[in-house]
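Read the structure below first, then the notes.
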Amino acid sequence: MSAQHEAGVATTHRVVILGAGYAGLSAAIQLACRVKRSEKVQVTLVNAQERFTERLRLHMTATGQRLAELSIPELLEGTGARFERGWVTAVDADAKTVRIDDERVLPYDTLVYALGGVADTAAVPGVEDHAYTLNTAQDAEVLAGRLSRLGGGTVVVVGSGLTGVESAAEIAERHPELNVVLLGRSEPGAAMNPKARAYLRSALDRLGVQVRSGVAVVKVLPGTVELAGGESVAADVVLWTCGTRVSPLAAAAGLTVDEHGRVVTDATLRSVSHPEVYAVGDAAAIRQGYGVMHGTCQGGMPTGVHAAVSIVRELKGKRPKPFRFGYYHTPVSLGRNDAVVQFTHPDDSPRRLHLTGRVAVRYKETVTASPWPTWGRMKKMPASGAFWPRGGRFTRVREA
Ligand SMILES: Cc1cc2nc3c(=O)[nH]c(=O)nc-3n(C[C@H](O)[C@H](O)[C@H](O)COP(=O)(O)OP(=O)(O)OC[C@H]3O[C@@H](n4cnc5c(N)ncnc54)[C@H](O)[C@@H]3O)c2cc1C
C-alpha cells in the first residue's frame, strides 16, 4: 500500500486486473472506458505476455497454422488503462498488493482476478513428463514442431471434451500421415442432441480419427498410455486435454476457493471471503440457477464486463447487481472445412436446433474471431459490451 494511501489522503482508486485473457481484457476495456474521464480511478492490467493468446485457436497453433499478432498494449491504447507485463507470483490479500516476477509490487484497492485455467496435468502420473498440452501458446508451438517432424506414427489425444475433439480433428486433417486416436471417458459430443452428435462422430470417422470412449487413462509412459484395466495404447505423441487446473495464487492468498482452486464468488462476482476482489472467467466458481458455470469464452467475457460495471457502481456508492448468464451455443470445429454448432438452453442442455457443414464453419469462425472487434467496439461505446443472454428462469438462484 502506498505511503499516500496509508496516510489516508489517497484520492485515486487503484483497480488491478490480473490476466489478459477473454475475461480480463473484457473487464479492463469496459472499466477503463467507463472511468476514462475520471482522474480518481487508475486501471492496471497485468499479463504474462504482450501478445493476446487466442485460446480458442490453440489447436490451430498446434498444427502449425499462423495466427494474427494481437497486441494487448495496442488494444489498450486510448483507454487510459496501464499495461504491466509480467508473471504474477503472489497476492497479499491483507496488504492488498500483488507481486510480479518476485520484484515489482502493485498495490490495489479493488482486484479483478482473471488468471484463467488450464488442463490438469497433475491428476495422472506421467502427464507432466510425457504429454503435450495446449495450456499456453508456447506449449501449442512445441507440439506443432514435434508433429511436423514425426513423419508417421500415432498421436493419442486424451480427453473427449470439446478441446480434445477439435484437436484430434485438426491434427488428423493437417497430418494425414499420422494415426490419430481419441481416448476419453465419454462419447465425443456427449452433451449434444443425437443428430449433432452423430454428425460429429461421422466427421471424425471421415478424418480417420479412431475414437475410443468409456476408457480412463491412468498413466502416461514414454511411447505408451496405460488404461484402467491394464491395457496399453502405443503413442508416439500424447496430447493431454483433460481436467481443469487453476493458478494456486488465490488459495495461497487465503481467498475461499472450491475443490478445483477456483475463487468462490457471491452473486455479484465478488469473492465470498474478500469482497474487494472480483473473480471472473475460468478462474472463478460462479453459481447460477443451473449450477456452477463451466469455463467458456462465451461466459467469460460477460463476467469481465459485469465486474467492470459493478466496480463503477460501487465507486458511485451503489450496490453491484447479481450476475446472470445463460449459455446459447456450443460451436465445435472439425478441422478447417467442417464444424457442428449445437444451440443450447441457458443451462447448456441441447436444443433440437444445430448447424453442420459450411454454414457451421462460417458460424464458428465468426464466433472465434469476434472478441477482438467486440473490444474495439467497446472502446468507442462501452454499453455495446453489456449484451448477453441472462438465462431467464434457468439462472435464478433460489436461496437455501
Ligand atoms: C483449444 C481450445 C479450444 C477452445 N474452444 C472454445 C470454444 O470454442 N468456445 C468457448 O467458449 N471456449 C473455448 N475454450 C475455452 C476458453 O478458451 C476458455 O474458457 C477461456 O480462454 C477462458 O478465458 P479466461 O479469460 O478466464 O482465461 P484465459 O483466456 O486462459 O486467460 C488467462 C490469462 O491469464 C494469464 N496468466 C495466467 N496466470 C498468470 C500469472 N501468474 N501471471 C500473469 N499472467 C497469468 C494467461 O497468460 C492468460 O493470458 C477453448 C479452449 C482451448 C484450450
Checklist outcome for this item: Karplus-derived 3J(HN,Hα) from phi for the stretch 375-386 (6.51 cos²θ - 1.76 cosθ + 1.60, θ = phi - 60°), whole Hz, x at Gly and Pro, runs 5, x, 5, 4, 4, 7, 9, x, 4, 5, x, 9
Checklist entry - For the stretch 83-187, which whole percent of the accessible surface, found with a 1.4 angstrom probe, sits on carbon and sulfur atoms? => result 45
Checklist outcome for this item: Debye calc, one equal point scatterer per Cα of the stretch 125-260, no solvent, log10 I(q)/I(0) at q = 0.16, 0.17 1/Å comes to -0.84, -0.93
Item to check | Accessible area in square angstrom per residue, the stretch 69-149, 1.4 angstrom probe | outcome: 48
Next on the checklist: Quick check: residue separation of Ala386 and Arg51 times 0.36 nm, minus the Cα distance between them. What number comes out in nm?
Outcome noted: 118.1 nm
Checklist entry - Among Gly19, Gly116, Gly80, which one shows the biggest mean-square fluctuation in a GNM of the chain, springs joining Cα atoms closer than 10 Å? => result Gly80
Item to check | Gain in span if fully extended, Thr12 to Val292, counting 0.36 nm per residue against the direct Cα distance | outcome: 97.3 nm
Item to check | Sequence-separation-based contact order of the chain, relative, with Cα cut under 8 Å and 6+ spacing, percent | outcome: 17
Checklist entry - Can you give the % of DSSP beta bridges in the chain that are antiparallel, to the nearest 5? => result 50
Checklist entry - Given +1 on the Cβ of Lys and Arg, -1 on the Cβ of Asp and Glu, and no further charges, what dipole in debye does the chain carry about its Cα centre, rounded to the nearest 20? => result 1960
Checklist entry - Which angle between 0 and 90 degrees, to the nearest 10, do you get for helix 194-206 versus the longest principal axis of the chain when only C-alpha atoms count? => result 60
Next on the checklist: Cross-link candidates for Lys40: which lysines have Cα within less than 22 Å, leaving aside residues fewer than 8 places away along the same chain?
Outcome noted: Lys96, Lys316, Lys318, Lys379, Lys380
Checklist entry - Along its principal axes, what span do the Cα atoms of the chain show, with the longest given first and each in whole Å? => result 66, 45, 44
Checklist outcome for this item: Taking max minus min of the Cα coordinates of the stretch 192-284 on each principal axis, largest first, gives extents in Å of 51, 37, 21
Checklist entry - Which FRET efficiency value, to the nearest 0.05, is calculated for Trp87 and Glu259 with the Förster distance at 25 angstrom and r the Cβ-Cβ distance? => result 0.50
Checklist outcome for this item: Here the equivalent ellipsoid of the stretch 283-355, derived from its Cα gyration tensor, has semi-axes (largest first, whole Å) of 31, 14, 10
Checklist outcome for this item: Computed from the beta carbon distance with a Förster radius of 25 Å, FRET efficiency for Val359 and Ser186 to the nearest 0.05 stands at 0.40
Checklist outcome for this item: Per the helix-only model, the chain has a calculated mean residue ellipticity at 222 nm (DSSP H runs of ≥4, -39500 (n - 2.57) each, divided over all residues, rounded to the nearest 500) of -8500 deg cm²/dmol
Next on the checklist: Using amide H atoms built in the peptide plane, which far-off residues or other-chain residues are under 5 Å from Gln42 H to H?
Outcome noted: His13, Arg14, Val15
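The values are calculated or read from the model by the stated rules, or taken from the named source; none is laboratory data. Computed from a prediction, not measured in an experiment: that's the story for all the values here. Virtual Cβ from ideal backbone geometry, glycine too; neighbours counted across all protein chains shown. Note: accessible area is taken over every heavy atom of the protein model, side chains too, but ligands, DNA and RNA are not part of it. Shrake-Rupley method; radii C 1.70, N 1.55, O 1.52, S 1.80 Å.
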